[in-house]
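Colleague: Could you have a look at this structure, given as structure tokens, before my questions?
Laboratory data are not the source of any read-out in this text; all were calculated from the coordinates shown. Only a predicted model underlies this, so the values are computations on that prediction, with no experimental measurement involved. Positions of Cβ are backbone-derived with ideal geometry, glycine not excepted, and every protein chain shown enters the neighbour counts.
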Amino acid sequence: MTQSNPLNVTFLFHASEIVVSEIQLEQRWNNPANSLLYLLNIRITLPMKDSPEIIDRQPAVAGQFYPAQPDILQHELQELFAAAEPRRFKNVRAIISPHAGYIFSGQVAASAFNQIDPEQNFRHVFILASSHHENLHGASVYCDGDYMMPFGRVKVDTNLGKHLVETHPELFNDNPRPHLNEHSLEVQLPFMNYVLDCDYSTIPIVLGAPDHHLCEAMAAALRPFFTEKNLFIISSDFCHYPDYTDAKKVDKETMNAILTNDPGELRNTLRSHVLDHVPGLVTSLCGWTSVLTLMYMTQNDPSLEYHAVLYRNSGDTPHYEDMERVVGYWGIVVCSK
């Protein structure tokens, strides 16, 4: 069902989960408090696409979330990695990285990516990002071409993407529309390009419907690819719009739940935040479907462990004066013991 809150934002509530899911949030590069929020009260059914035409996906948020000029982008990445947490963990298999404008969450994202061994010869990089623009069943895998970025081409393994769609049509589709304006996946690519020095290809996946059963099913489909030869990047910010103090408390609880590697613990924690009616809180984890899918892949595997790398929220940004309405960011890694 749908419900509107006093901020005039519409959310979906999954009756069995009591979890808030944002329908649309486009967080502008210069101010997360001035987000563009759209109302979407209908479920969109995206038809399967049968055209073989190759269409590269063009940058949607260059110049908003990160610089559009390649030289300026490279300089900003150099500064972010210089300020990032040093590498403390080995055998990184997956990371959770924020997707706000780099001025707000860039240091946290760089700190998460900085834990990856740049000499690791990954074959594929799976990028999971929860949709902010489309309410779709399951997930959309980009199969039309490559992702174009200011620094060049990011190669997409369209054959593997099509394989996922063909073998699991109840979970995945190849409609490109969810990718076209989605910032949460795009903003990961400059960090990935900066760190990785291998001939990898990507599988960009935008997740839709807020249903933990679908997350579990998608995890089962993706689990065979969760190997040491592949890297998983999970895109998610944490809490949205409580005050600074409440944000730190809520985000610490969410982080601790993720570190348990227990999907049920995360679901219970998100539910508790809804029931606690934290002032201003509209979500504890905007990419919870992506994070939950990762956790369903890693649960019950004693060889894997989660580690927190760095926390910040928008209130920590120099010259950002709004401490009453902030967005939280954690960098987290999953490593083989």
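Colleague: Between His319 and Gln74, what is the spin-label point distance in nm, taking each point 7 Å from the Cα along the Cα→C-beta axis?
Modeller: 2.5
Colleague: With labels modelled as points extended 7 Å from the Cα through the Cβ direction, what inter-label distance (nm, one decimal) is found for Asp197 paired with Arg153?
Modeller: About 2.3 nm, to one decimal.
Colleague: Still on this structure, I have one more. Please rank Leu285, Leu207, Leu196, fewest neighbouring Cβ atoms within 10 Å first, as an exposure proxy.
Modeller: Leu196, Leu207, Leu285
Colleague: With Cβ to Cβ distances under 14 Å as the rule, what net charge do the other residues near Lys249 carry (K, R +1; D, E -1)?
Modeller: Residues close to Lys249 contribute a combined charge of -3.
Colleague: Pop the C-beta distance of Ile55 and Ser272 into the FRET formula with R0 = 51 Å and round what comes out to the nearest 0.05.
Modeller: Computed FRET efficiency for Ile55 and Ser272 comes out at 0.70.
Colleague: Out of the range 137-182, which GluC sites (Glu not before Pro) are coil in DSSP terms and have no more than 15 other C-beta atoms within 10 Å?
Modeller: Passing both the DSSP loop test and the Cβ count: Glu170.
Colleague: Can you compute the FRET efficiency between Arg87 and Glu170 using 1/(1 + (r/R0)^6), with r the Cβ-Cβ distance and R0 = 51 Å? Round to the nearest 0.05.
Modeller: In this case the efficiency is close to 0.80.
Colleague: While we're here: Write out the chymotrypsin sites (Phe, Trp or Tyr not before Pro) in the range 275-328 meeting two conditions: DSSP loop, and at most 13 other Cβ atoms within 10 Å of their Cβ.
Modeller: Of the chymotrypsin sites (Phe, Trp or Tyr not before Pro), not one in the loops of the range 275-328 has a Cβ with at most 13 other Cβ atoms within 10 Å.
Colleague: Among bridges DSSP assigns within the range 61-336, what percent are antiparallel (round to 5)?
Modeller: 50
Colleague: In debye to the nearest 20, how big a dipole does the range 234-307 give about its Cα centre with +1 on each Lys and Arg Cβ and -1 on each Asp and Glu Cβ?
Modeller: It comes to approximately 100 debye.
Colleague: Can you give the net charge of the other residues whose Cβ lies under 10 Å from the Cβ of Gly315, counting K and R as +1 and D and E as -1?
Modeller: Net charge around Gly315: -2.
Colleague: Most exposed first by the Cβ proxy, i.e. fewest other Cβ within 10 Å, how do Cys215, Cys198 rank?
Modeller: Least to most surrounded, the residues fall as Cys198, Cys215.
Colleague: Going through the range 186-246, which GluC sites (Glu not before Pro) have at most 16 other Cβ atoms within 10 Å and a DSSP loop state?
Modeller: Glu228
Colleague: Mind ranking 68-74, 323-329 by how tightly packed they are, going by the mean number of other C-beta atoms within 10 angstrom, highest first?
Modeller: Highest to lowest by the protection proxy: 323-329, 68-74.
Colleague: Please give, to one decimal in nm, the separation of the simple spin-label points placed at Lys229 and Thr245, each 7 Å out from Cα toward the Cβ.
Modeller: 5.3
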